[in-house]
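K.L.:
Below is a structure I'd like to ask you about.
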Amino acid sequence: KWDFILQTFKKEYDIQDISFKTWIKPLKIYSLEGNVITLISSEGEMGTVYIERKYLKFIEISICEVMNKEYSVRLISVEEKKEEDLKKKISSVSANNNNVATQNLNPNYTFDTFVVGTNNNLAHAASLAVAETPGQIYNPLFIYGGAGLGKTHLMQAIAHFIIASDPSKKVLYVTSETFTNELIESVKTNKNTEFRNKYRNIDVLLIDDIQFIIGKLSTQEEFFNTFNDLYLLGKQIVISSDRPPKEMETLPDRLRTRFESGLPVDIQIPTYETKMAIINKKSEALGIDFPYEVKDYVATNITSSIRELEGALTKLSAYSKLSHTPLTAEFAENTLKDLISPYSKKEITPELIIEVVAEHFHIKPEDIISHRRSADIAFPRQIAMYLCRQMTQTPLEAIGKAMGNRDHTTVIYGADKIAKETVTNESTKNVVDILIKKLNPS
Ligand code: ADP
Ligand code: MG
């Protein structure tokens with residue numbers, strides 16, 4: 001029937017063969033819900049938008065004619081289809097289960113999307129084993145490695161896997177920062193019992209970036225208690241850190257011993273082959289065919305983090321589309337200069353601070369520079385101003401300029417406000433400490 005509709009459409013609107021073959025023939029029906037028909041195009045986002053503008057209305061008319069019934073038609077790209085699939089999967093999982101865990105999980109961080117290489121195969125195998133038999137073999141699982149190498153991805157893959165295989169399992173994924181701030185909040189509001197219940201009434205606890213609790217005495221203590229309770233009940237615990245337990249010198253021995261008692265596994269810097277495999281997978285997802293020379297350039301020059309590798313690919317594809325420049329090695333070299341210049345790593349600039357702060361608060365660098373004043377943006381912006389004053393020698397005027405051409409008095413005001421808060425508000429101090437460590441790990 002679908003073929004028939006398309007043929008009707010072609011005849012009726014007298015479309016050239018080549019246009020029909022390129023744009024229309026590859027369209028497939030994805031779903032029919034009520035009177036809404038969803039089609040998927042095999043094109044990337046630009047092609048999809050083009051088909052939508054030029055043909056969709058007419059396809060809709062043809063369908064209604066052939067079927068003799070009114071339908072509205074929408075078109076999605078392969079990329080959007082993946083998202084819809086995941087959403088459906090997740091909503092069906094959470095429909096028969098009040099699992100709150102999926103809410104703070106990234107749907108893309110699954111085992112399916114994780115590329116296994118010699119640098120991470122141990123961590124991957126251990127994670128999968130833990131996901132298949134939580135609480136039974138490696139407890140705790142301790143994953144460590146440098147920034148951007150896949151720790152969070154693996155932890156969330158474990159969470160997705162467990163929830164998908166047994167929706168009744170209570171899985172809690174948190175960063176150590178969230179743990180700390182919830183603890184602080186519970187003390188302030190006298191809700192310690194609620195806090196305890198939340199962290200005791202679960203089957204699996206995944207706690208990300210544990211290094212940030214080092215030196216916070218009451219948090220360390222509470223985490224130790226949580227850990228022991230869960231451990232005794234045979235509940236699975238997964239911990240990640242940027243370094244192995246034995247290098248967490250200031251951590252009390254009893255906590256370190258606990259961390260070492262299960263299985264510590266590391267993720268190393270990826271080899272060239274692993275990077276190539278990740279680039280291929282990522283370009284498929286982006287719907288872009290990077291020429292070999294570009295992939296080779298990226299894999300050779302981006303060495304220390306997969307997050308940077310992904311950032312490089314996104315940047316290349318966006319810039320080449322915007323400037324209508326073909327993707328060549330030379331183009332890659334020019335576009336990625338800042339990312340791979342050996343000096344950009346060390347120097348802390350307002351730009352770097354904006355980037356790190358934005359990532360931390362899950363907003364975009366453009367938001368910080370923008371003139372929006374809502375609290376979810378204004379607070380990170382003031383934090384960034386404070387950090388620029390604390391961590392760089394940049395003159396006030398230049399900081400203001402980097403923050404979206406703001407006046408220097410605005411910078412002083414924002415930075416002072418945060419400075420005061422670090423004394424009066426423990427959560428703000430916590431955030432600032434973490435950001436300083438992120439910017440300057442040593
Ligand atoms: P970390 O928590 O170690 O700092 P993340 O887990 O946040 O690192 O990974 C950074 C980015 O790199 C994420 O987008 C993640 O999906 C991606 N990534 C890391 N390792 C892999 C891998 N082996 N295969 C595919 N993507 C990966
Ligand atoms: Mg992480």
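The values are calculated or read from the model by the stated rules, or taken from the named source; none is laboratory data. Owing to the predicted nature of the structure, the values given are computational and were not obtained by experimental measurement. Because the Cβ atoms are built from the backbone with ideal geometry, glycine has one as well, and the counts that use them run over all protein chains shown. For accessibility, only protein heavy atoms count, side chains too; no ligands or nucleic acids. Shrake-Rupley method; radii C 1.70, N 1.55, O 1.52, S 1.80 Å.
K.L.:
Please verify whether residue 317 is open to solvent by less than 40 Å² (accessible area, probe 1.4 Å), among the hydroxyl-bearing types (Ser, Thr, Tyr) and free of Cβ contacts under 8 Å to residues at least 60 places away in the same chain, treating the condition exactly as stated.
P.N.:
Numbers: open to solvent by less than 40 Å² (accessible area, probe 1.4 Å): yes; among the hydroxyl-bearing types (Ser, Thr, Tyr): yes; free of Cβ contacts under 8 Å to residues at least 60 places away in the same chain: yes.
Yes: the conditions hold for residue 317.
K.L.:
Just checking, which of 27, 6 is of a type outside the set (Lys, Arg) and more than 23 Å from residue 82 (Cβ to Cβ)? It would help to see each step written out before you state the result.
P.N.:
Numbers: 27 fails: more than 23 Å from residue 82 (Cβ to Cβ).
Exactly one of 27, 6 is of a type outside the set (Lys, Arg) and more than 23 Å from residue 82 (Cβ to Cβ), namely 6.
K.L.:
Look through segment 259-303, keep the residues that are assigned to a loop (DSSP other than H, G, I, E, B) and open to solvent by less than 40 Å² (accessible area, probe 1.4 Å), and return whichever of them is farthest from ligand 1 (Cβ to nearest atom).
P.N.:
262
K.L.:
Looking only at segment 206-214, decide whether some residue is open to solvent by 80 Å² or more (accessible area, probe 1.4 Å) and away from ligand 1 (no atom under 16 Å from the Cβ).
P.N.:
Looking for residues that are open to solvent by 80 Å² or more (accessible area, probe 1.4 Å) and away from ligand 1 (no atom under 16 Å from the Cβ), one finds none in segment 206-214, hence no.
K.L.:
Any residue that is outside any helix (DSSP H, G or I), among the charged types (D, E, K, R), in contact with a Ser or Thr (Cβ under 9 Å, 6 or more places away or on another chain) and farther than 26 Å from residue 128 by Cα - is there at least one of those in segment 206-216?
P.N.:
Looking only at segment 206-216, we keep the residues that are outside any helix (DSSP H, G or I), and these are 206-209, 214-216.
Those left that are additionally among the charged types (D, E, K, R): 208-209, 216.
In the following step, the residues that additionally are in contact with a Ser or Thr (Cβ under 9 Å, 6 or more places away or on another chain) were identified as 208-209, 216.
Filter once more, so that each one left must be farther than 26 Å from residue 128 by Cα: 216.
Checked against the condition, which is being outside any helix (DSSP H, G or I), among the charged types (D, E, K, R), in contact with a Ser or Thr (Cβ under 9 Å, 6 or more places away or on another chain) and farther than 26 Å from residue 128 by Cα, segment 206-216 yields at least one hit.
K.L.:
Across segment 236-258, what is the total count of residues that are surrounded by fewer than 18 Cβ atoms within 10 Å (Cβ to Cβ) and either of a type in the set (D, E, K, R) or assigned to a helix (DSSP H, G or I) (or both)?
P.N.:
8
Residues checked against (1) within 13 Å of ligand 2 (Cβ to nearest atom); (2) at pLDDT below 95; (3) of a type in the set (A, V, I, L, M):
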| site | (1), (2), (3) |
| --- | --- |
| 101 | no, yes, yes |
| 124 | no, no, no |
| 131 | no, no, yes |
| 141 | no, no, yes |
| 148 | yes, yes, no |
| 151 | yes, no, no |
| 161 | no, no, no |
| 169 | no, yes, no |
| 172 | no, no, yes |
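K.L.:
Report the residue count in segment 139-166 for those that are in a loop (DSSP other than H, G, I, E, B), more than 9 Å from ligand 1 (Cβ to nearest atom) and more than 24 Å from residue 229 (Cβ to Cβ).
P.N.:
Final tally of qualifying residues: 0.
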